[in-house]
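What follows is a short report on a single structure.
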Amino acid sequence: MRIGILTGGGDCPGLNAVIRSVVRTAASHYGSEVIGFRDGWRGLLEDRTTPLDIAAVDGLLTRGGTTLGSARVAPELLDAGLPQMKGVLAAHGIDVLIPIGGEGTLTAAHLLSRAGVPVVGIPKTIDNDIGETDLTFGFDTAVSIATEMIDRLHTTAESHQRVLLVEVMGRHAGWIALHAGLASGAHLTLVPEEPFDVDEVCRLVSARFDRGDSHVIGVVAEGATPLPGTMALRDGGVDEYGHRRFTGVAQQLGEELERRTGKEVRTTVLGHVQRGGTPTSFDRVLATRFGLHATIAAHEGAYGQMVALRGTEIELVPLEKAVATLKTVSPARLAETGAFTG
Ligand code: F6P
C-alpha cells in the first residue's frame, strides 16, 4: 500500500512523532510506503512530495514542529482544487491519505472523503477543540509551557504587588487558559466561551488587594471578549482564512483595570512559545498511538474516520461527526474553577 501524509494548519508539538509513527508502522507491520506532501494541502495542490522511510524519520519523536512543513489554505482554494488534488494522489498511486490537522484540515479531509478519496484523519491542535476526541496532542505541551511561565510570573507579581495578566492561545476555546489557570493557581480565568464582565473583574482585583493579598494573576485566552457595552475592544477584522484577527485583549483589559482600580498592571502575551519545542511525554505517547491506529485503520479500509482518544483507548469516529462542532469549555468545567479563583 502507498500512504500519503500531510500536516496542515498551525503546527503543534507531536506532529513529528505522528509522522514517525505512521512511517514505522506502515513499514514494519505492513511493508507499506509513505509519501509526504509538503506544507499541508498546498503541497498536494502543487504536487510537492518527499519520500518518507524509516531513516527519514529517525530522531523525529522528540523534535517540535513538522518536518513536512505546514500551511493554512483558504477553504475556497481547497474546494476549487479538489480535482487537482485527486489527480496528484492518483499520479502518485496513493491508496489512502492521512491528513493530520485541526478543524480546518479535518474539514478539508472530510470534503475529500465525501468526494471518494480514501482518508483517515488524525486530530492535532494545542487548542484541544476538536470534537469527538477527549484530547489532542500538543495541548498537554502548551499547558505545561503556559503553566511554567505563569509560575514564574507569580513571584515577580508578588514582589511588586501587581496585577499580571497572561494572554494564552485559544481562539474559540479556552482549554489552555482553563488548565494552565488551574495548574498555576491563577486568580482569574477568562475564556472565549463566556464574555467577561469588566466591572466584576475590577471588583475582584480590588477585593484581593483590600484583603491584603500581594498580587493578582489573571489568565486570559486570546479569544476572550468583554460583555457588550462594558469595555471597548479594538476590532481587527478577519484574515483571508476567515479567522478573527486578535488585537490584544489582555493588554486592553489591563489598561482598563489600571484606570479603574489604580493598581499597577503588566501584561505578558505567551504567543507562539506555547507551540514550539519538544512535546511532553504525554503528547509523544498520544501522537505515537494516533499514528499507529490511523495506519492500522488505513490498512483495514476504515476510511472517512478519524482516530480519537476516548478515556484511555484510541477509537475511530466518523470525520463527519468530528468536524460538526468545536469542543468548547462547558459552563460546568468553568464552574469548577470557582473555589480556586476570585
Ligand atoms: O490553532 C492553533 C493556534 O495556535 C491558535 O491557538 C492560534 O489562535 C492560532 O493557531 C495562531 O495562528 P498563527 O500561527 O497562524 O498565528
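The values are calculated or read from the model by the stated rules, or taken from the named source; none is laboratory data. Computed from a predicted model, the values in this text were never measured in an experiment. In this analysis, Cβ positions are derived from the backbone assuming ideal geometry, glycine residues included, and neighbour counts consider all displayed protein chains.
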#### Entry: Yes/no for Lys124 being surrounded by fewer than 24 Cβ atoms within 10 Å (Cβ to Cβ), touching a residue at least 12 places away in the same chain (Cβ under 8 Å) and among the basic types (Lys, Arg)
no
### Task
Name the one entry in Thr50, Thr133 that is of a type outside the set (A, V, I, L, M) and under 18 Å from the mean Cα position of the chain (by Cα).
Thr133
### Message
I'm checking my understanding of the structure. Among residues of the range 191-203 that are under 19 Å from Lys327 (Cα atoms) and either touching a Leu at 6+ places or on another chain (Cβ under 8 Å) or free of Cβ contacts under 8 Å to residues at least 40 places away in the same chain (or both), which one is surrounded by the fewest Cβ atoms within 10 Å (Cβ to Cβ)?
### Response
Pro195
### Message
crowded, with 20+ Cβ neighbours inside 10 Å, more than 16 Å from the ligand (Cβ to nearest atom) and in a helix (DSSP H, G or I): is that true of Arg284 in this structure?
### Response
yes
### Task
Take Thr156 and decide whether it is assigned by TED's automatic domain parsing to the domain that holds Phe290 and out of contact with any Gly (no Cβ under 9 Å at 6 or more places or on another chain).
no
### Query
Restricting the search to the range 1-35, which residues are over 26 Å from Arg72 (Cβ atoms) and acidic (Asp, Glu)?
Glu33
### Task
Assess whether Val219 counts as being within 16 Å of the ligand (Cβ to nearest atom), farther than 17 Å from Leu334 by Cα and touching an Asp or Glu at 6+ places or on another chain (Cβ under 9 Å).
no
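Here's the yes/no breakdown for (1) of a type outside the set (S, T, N, Q); (2) over 28 Å from Leu253 (Cα atoms); (3) within 16 Å of the ligand (Cβ to nearest atom):
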residue: Val117; (1), (2), (3): yes, yes, no
residue: Asp127; (1), (2), (3): yes, no, yes
residue: Glu132; (1), (2), (3): yes, yes, no
residue: Ile145; (1), (2), (3): yes, no, yes
residue: Glu148; (1), (2), (3): yes, no, no
#### Entry: Filter result (within 15 Å of Glu167 (Cβ to Cβ), within 23 Å of the chain's Cα centre (by Cα) and either surrounded by fewer than 17 Cβ atoms within 10 Å (Cβ to Cβ) or not polar (S, T, N, Q) (or both)) within the range 144-156
Ile145, Ala146, Met149, Ile150
## Note on the structure
Expected single match for more than 21 Å from Asp11 (Cα to Cα), aliphatic (A, V, I, L, M) and in contact with a Lys or Arg (Cβ under 6 Å, 6 or more places away or on another chain) among Val163, Val117 is Val163
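Here's the yes/no breakdown for (1) assigned by TED's automatic domain parsing to the domain that holds Thr125; (2) crowded, with 19+ Cβ neighbours inside 10 Å; (3) within 20 Å of Arg275 (Cβ to Cβ):
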| residue | (1), (2), (3) |
| --- | --- |
| Met169 | no, yes, yes |
| Gly174 | no, yes, yes |
| Ala207 | no, no, no |
| Val220 | no, yes, yes |
| Gly223 | no, yes, yes |
| Tyr241 | no, no, yes |
## Note on the structure
Note: among Thr105, Thr66, Thr62, just one is farther than 13 Å from Leu6 by Cα and of a type in the set (Ser, Thr, Tyr), namely Thr62
### Task
Take Gly104 and decide whether it is of a type outside the set (Asp, Glu), farther than 26 Å from Tyr30 by Cβ, within 16 Å of the ligand (Cβ to nearest atom) and out of contact with any strand residue (DSSP E or B) (no Cβ under 6 Å at 6 or more places or on another chain).
yes
#### Entry: Flag if Glu255 is without any contact (Cβ under 8 Å) to a residue 12 or more places away in the chain, over 17 Å from the mean Cα position of the chain (by Cα), away from the ligand (no atom under 16 Å from the Cβ) and assigned by TED's automatic domain parsing to the domain that holds Ile130
no
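Every residue, every condition in (1) modelled with pLDDT of 95 or more; (2) surrounded by 14 or more Cβ atoms within 10 Å (Cβ to Cβ); (3) more than 18 Å from Gly104 (Cβ to Cβ), yes or no:
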{"position": "Tyr303", "(1), (2), (3)": "yes, yes, yes"}
{"position": "Met306", "(1), (2), (3)": "yes, yes, no"}
{"position": "Glu315", "(1), (2), (3)": "yes, yes, yes"}
{"position": "Leu319", "(1), (2), (3)": "yes, yes, no"}
{"position": "Ala324", "(1), (2), (3)": "yes, no, no"}
{"position": "Arg333", "(1), (2), (3)": "yes, yes, yes"}
{"position": "Thr337", "(1), (2), (3)": "no, yes, yes"}
### Query
Pick from the range 271-281 the residues that are assigned to a loop (DSSP other than H, G, I, E, B) and in contact with a helix residue (DSSP H, G or I) (Cβ under 6 Å, 6 or more places away or on another chain): which of them is farthest from the ligand (Cβ to nearest atom)?
Thr280
### Query
Can Thr325 be described as within 22 Å of Ile145 (Cβ to Cβ), outside any helix (DSSP H, G or I) and in contact (Cβ under 8 Å) with a residue 60 or more places away in the chain?
no
